[in-house]
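Okay, structure first, notes after.
The values are calculated or read from the model by the stated rules, or taken from the named source; none is laboratory data. Bear in mind the structure is a predicted one, so any value in this text is a computation, not a measurement. Positions of Cβ are backbone-derived with ideal geometry, glycine not excepted, and every protein chain shown enters the neighbour counts.
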Amino acid sequence: MPRPLSCCNGSASAAADTTPGVVRQTHRTPFPTKKPTLYPLLERINAYLMRWIRKKYARLRGRKKAQDAWNQAVARRPRFFAHWAWITYAPKVW
């Protein structure tokens, strides 16, 4: 069972290590998977990450600033989280 982000000592690399194994395993499966069925799950993971970022950093409490920081993080490290190989945007509702 994956640990919640609150136990990660506030580091992004620790948060990346807690990405559910199901996402990593599904990403590497040899059989064809229907990726669109996974998109709601991956969007939800991104929503949790965005919420964590906004709570951790006071300067990112605003939605626009948080979204700009998100886009920069994705551009800098596109494969930092396993599920970013499929979906990199955060949902508008978080």
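Data table
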item	result
Every residue from the stretch 62-90 that is exposed (fewer than 12 other Cβ atoms within 10 Å of the Cβ) and part of a loop (DSSP other than H, G, I, E, B)	G62, P78, R79
Residues that are small (G, A, S) and closer than 15 Å to W84 by Cα, drawn from the stretch 46-71	A47
Some residue of the stretch 35-44 being loosely packed, with under 13 Cβ neighbours inside 10 Å, modelled with pLDDT of 90 or more and among the charged types (D, E, K, R)	yes
Which listed residue is modelled with pLDDT of 80 or more and within 11 Å of the chain's Cα centre (by Cα), from A69, A58, A16, A85	A85
The stretch 58-72, residues that are over 14 Å from K92 (Cα atoms) and in contact (Cβ under 8 Å) with a residue 12 or more places away in the chain	A69
